[in-house]
1. What nm distance separates the two modelled labels at Tyr72 and Asp175, each placed 7 Å from Cα along Cα→Cβ?
2. Based on DSSP H runs of at least 4 residues, each adding -39500 (n - 2.57), what is the mean residue ellipticity at 222 nm of the chain after dividing by all its residues, to the nearest 500 deg cm²/dmol?
3. Using just the Cα positions, wrap region 104-177 in a convex hull and report its mean projected area in square nanometres, one decimal place.
4. How high is the relative contact order of region 39-176, in percent, counting Cα pairs under 8 Å that sit 6 or more residues apart?
5. Between region 85-116 and region 22-42, what is the C-alpha centre distance in whole Å?
6. Given bins 10 angstrom wide, list per bin the percent of all Cα-Cα distances in the chain, short to long.
7. Once you place label points 7 Å from the Cα toward the Cβ at Lys17 and Val123, how far apart are they in nm?
8. Full extension from Lys94 to Ser161: what is 0.36 nm times the residue separation minus their Cα-Cα distance, to one decimal in nm?
Amino acid sequence: MIYDYCPKCGNKLRMRKMWDEGEVPFCDPCDIAWYEHPSPCIITLVINEYEEAALLRQDYIMENQYVLVAGYIKPGETAEVTAFREVEEEIGVKLDTLCRIQTFAIPEKELLMLGYVGFGKKVDLNLSTEVDSAVWMPVEEALKKLEGSEIAHHMLEIYLSDREGIRSHASREEDFK
Ligand SMILES: [Zn+2]
């Protein structure tokens, strides 16, 4: 988002030259340059010990389409802490390990999505109120179900291209601290 007014004090911003960044909206009273940034969020493909993926339905995000666990990073959190937290909150799975795979930019939503694969035990999925339904599905079948969901589909393709490598590079929550 390009700001016209200061989000903190409401003052009209002026364009100011900021070194290599070029002209940036600037608030004189607050002494802050309001750079244009995407919001960082995580997306996590959850896999259990039977090579099944957790697919979710969240009609408020995408109707009639499976999606993966996703959520915004809170101030003070690392992306990894967010991934562990969101997976537990949204589907009730306590991940054993996590591995970052790739990031995805969604300019039209001003998002930067940090993609992870999380590994956890097959438990009954315990959904948050944000989630309409969720299922464990064999990964090959999940790949077909995710066809309309570009990033989720790509993440599963990446996982399937190197299952052992990704699983062996995954770390426990305490190793990210
Ligand atoms: Zn201001």
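Throughout, read-outs are computed from the coordinates displayed, never taken from laboratory work. Keep in mind that what you see is a predicted model, and the values were worked out from it rather than measured. All Cβ positions, glycine included, derive from the backbone under ideal geometry; neighbour counts span all protein chains shown.
1. Placing both labels 7 Å along Cα→Cβ, they lie 3.1 nm apart.
2. The helix-only estimate for the chain comes to -6500 deg cm²/dmol at 222 nm.
3. 6.9
4. 32
5. Taking the Cα centre of region 22-42 as reference, the centre of region 85-116 is 25 Å away.
6. In order of increasing distance, the bins hold 9, 33, 29, 14, 12, 2 percent.
7. Distance between label points: 5.8 nm.
8. That works out to 21.6 nm of additional length.
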